[in-house]
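The values are calculated or read from the model by the stated rules, or taken from the named source; none is laboratory data. Only a predicted model underlies this, so the values are computations on that prediction, with no experimental measurement involved. All Cβ positions, glycine included, derive from the backbone under ideal geometry; neighbour counts span all protein chains shown. In case anyone asks, the SASA skips ligands and DNA or RNA and just uses the protein heavy atoms, side chains included. Shrake-Rupley method; radii C 1.70, N 1.55, O 1.52, S 1.80 Å.
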Amino acid sequence: MAKKILIIDDDPDVVSYLKDVFDAEGFTTFTAVNGVEGLEKAQVHRPDLITLDMDMPARGGTLFYVKLRQEPSLADIPVIVISGVGPRPPAIAKNVPVLSKPVDPKKTLKLVSEMIGD
């Protein structure tokens, strides 16, 4: 069964790009435009990995991450921060990789493979 990736980003171009990259590698993808929708989709789909933008309306990445880690059934899902904004927010664990936009697809896929296999 294909591994599932949840892409959380409010930029439709970024979402489309990441979806194309992951779909081409055989992953099943789901998308959300903010942290509120992201948490709902994570609960429904139980993804194997989440890519997370930091700067979004209606609950940004930091609040989403905190809520995700408080939910016992979701707390162990690996997260990759993919964002165009500054340094790592203090609430994001040190072991969470942070990639800057624009993302390098090969580097991103290598990281995903290391985190969840393929």
Inside the stretch 33-60, can you point out the residues that are in contact with a strand residue (DSSP E or B) (Cβ under 7 Å, 6 or more places away or on another chain), surrounded by fewer than 17 Cβ atoms within 10 Å (Cβ to Cβ) and not charged (D, E, K, R)?
-> His45
Answer yes or no: is there a residue in the stretch 16-34 that is outside any loop (DSSP other than H, G, I, E, B), under 13 Å from the mean Cα position of the chain (by Cα), on the phi < 0 side of the Ramachandran plot and at pLDDT below 95.
-> no
Tally of residues being at pLDDT 95 or above and assigned to a loop (DSSP other than H, G, I, E, B) across the stretch 40-70 = 3
Those residues of the stretch 1-14 that are touching a strand residue (DSSP E or B) at 6+ places or on another chain (Cβ under 6 Å) and at pLDDT 95 or above come to a total of 5
Can you tell which of Leu63, Leu109, Leu99 is over 24 Å from Val36 (Cβ atoms) and either surrounded by fewer than 16 Cβ atoms within 10 Å (Cβ to Cβ) or out of contact with any Cys (no Cβ under 9 Å at 6 or more places or on another chain) (or both)?
-> Leu109
Hey, Lys94 at pLDDT 85 or above and open to solvent by 80 Å² or more (accessible area, probe 1.4 Å) or not = no
Assess whether Ala75 counts as being in contact with a helix residue (DSSP H, G or I) (Cβ under 8 Å, 6 or more places away or on another chain) and within 14 Å of Ile8 (Cβ to Cβ).
-> no
